[in-house]
Every structure is written in C-alpha cells, then in structure tokens.
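Enquirer: Sending over a structure as structure tokens; questions will come in a sec.
Computed from the coordinates by the stated procedures, all read-outs in this text should not be read as laboratory data. What you see is a predicted model, and the numbers here were worked out from it, not measured in a lab. Quick reminder, even Gly has a Cβ in these numbers, built from the backbone with ideal geometry, and neighbours come from all protein chains shown.
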Amino acid sequence: MSSFQKGRRSFLRAAGSSLVAAGTVAGLGASPAQAAQHKAVTQTKETQAAMTPEMALQMLKDGNERFVQGKMLERDHMQQVKATGAGQFPFAAIVGCIDSRESATLTFDQGIGDVFAARIAGNFVNDDLLGSLEFACAAAGAKLILVVGHSECGAIKGACDDVVLGNLTQTLANLKPAVAAVSGFESDRTSANAKFVQAVAEKNVELTIQRIRQRSSILNDLADKGQIDIAGAMYDVHTGRVAFM
Ligand SMILES: [Zn+2]
C-alpha cells in the first residue's frame, strides 16, 4: 500500500468518525430511524395504500412547517425520477393559483411523485379541473384534495376590480361569486382594500371546496366514504406559511 493510500484511508476513518460525531450532536442522539426521517421517502404503491386522508393532510402541514423553518428533507430528485418513472403514487392533489410565489412542491417540501398540482389563476375549478381531480383521486389514488388560496392574489384583485382583458375576463368571472359572497367592506370593495381582498380569497377557497363536492359526484362520494378529504388553506406570500382552514 502506498503512503498516499494509507493517508487516504486514515483520512476517511477520521472523516467518518467526525461525521458520526456531528450527526450525534445535530440529531441530539437520534436513533438511525429518526435520522432517516431527514431523508425524503419516495411514494410507492405500498406507502400510498397505507396513507389515510388525515395522514396526507398532516404530511402537508409538516412539510410547510419544514419549509418555513428552512429544514427541508434531503432529496435526490434524479433518484426520485428513476423510482417513479414506471408509475406514480401521489398522496395528495393540490389546487393552487398560478402565482409565481407559491409552489405545490416547494412550499409543502414535497418531491417528485408526491403530489398532483392543478394550477389556475384564482384557484377555482371548472369541468376540466374537476376531471383532473377525479383522475388524481379515483384513478391514481390520491387521498386528499387541498385547495390553496393565497394573500395578495392578482386574480382575486382583478375580480374585485372588474378587470376586463381578453380571455382573462372569463377566467375572473369564476371568482365573482366569492366577491359577491363577502358582505360588508362597503366603504371600499376594490383591490385597494387589502382586508377585503383577503376575505374574498378565503371565501373563494370555501366556494371552490363546495363546488368540488356539488359538481363531482365521484369526489363527493369518496369524501363521504372517508376515502379522501377535501380541505382548504391560505398561503401567505410574505411569510411562506400556510394556514389550514
Ligand atoms: Zn393568485
């Protein structure tokens, strides 16, 4: 053995012991199982089958907490690409706005193959999105639909201000029921009133959940049987925090 190899070996031994020591300190004596929790699990047929709607909701709550704390799980995205290429087993479907500041995967600290993401300005549902959600839950096995609105939503502001602009006019028409359903704020019912905009965004999440149940008998039945949950939340673009409703 050359002196280089000997040196390299002892370096690796030393590095290994310092890594173990660092791990013990960082994990405060965490067991191997606890240490493994810092690594993301790629969803499989088995993990999806074992998931309940309650667990799925908790996974997203925990994920957002990690995101806010800056303690995201370790993820090898290309390894996840390889692991999910032959089949996907996501545990949730997230209906969100197209807003660039929110992301179904980043803000909930999820990876490849974890969640379906349906995105549309103002996070409402139409027939095509309902079909997409039926695929996600009835065909592909997701256990949760989470409708996520957000603060400072441009689409909601546009609906409050009756913006007219090409195809967007029709898109915003889908948000008008939420504007109409929020009473009060008589002094200012425009986008200049931040509290009014936030109230409309929250009402829009509530109405979207109602619309999913009213317009999709498939999803409504799955929810009634407890096989899926349909829940709502609001994302705060200032803090990264998701408030579950
Ligand atoms: Zn938005």
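Enquirer: Among L129, L168, L146, which is the only one that is within 16 Å of the ligand (Cβ to nearest atom) and more than 23 Å from K225 (Cα to Cα)?
Expert: Exactly one of L129, L168, L146 is within 16 Å of the ligand (Cβ to nearest atom) and more than 23 Å from K225 (Cα to Cα), namely L168.
Enquirer: Residue check: is A117 more than 12 Å from the ligand (Cβ to nearest atom) and in contact with a Gly (Cβ under 8 Å, 6 or more places away or on another chain)?
Expert: In short, yes.
Enquirer: Next question. Return yes or no: is I98 on the phi < 0 side of the Ramachandran plot, outside any loop (DSSP other than H, G, I, E, B) and within 16 Å of the ligand (Cβ to nearest atom)?
Expert: no
Enquirer: Taking segment 185-213 only, how many residues are without any contact (Cβ under 8 Å) to a residue 60 or more places away in the chain, among the β-branched types (V, I, T) and surrounded by 14 or more Cβ atoms within 10 Å (Cβ to Cβ)?
Expert: Adding up the residues that qualify gives 2.
Enquirer: Taking into account only those residues within segment 82-97 that are touching a residue at least 24 places away in the same chain (Cβ under 8 Å) and not small (G, A, S), which is farthest from A139 (Cα to Cα)?
Expert: Ranking the qualifying residues of segment 82-97, first place goes to C97.
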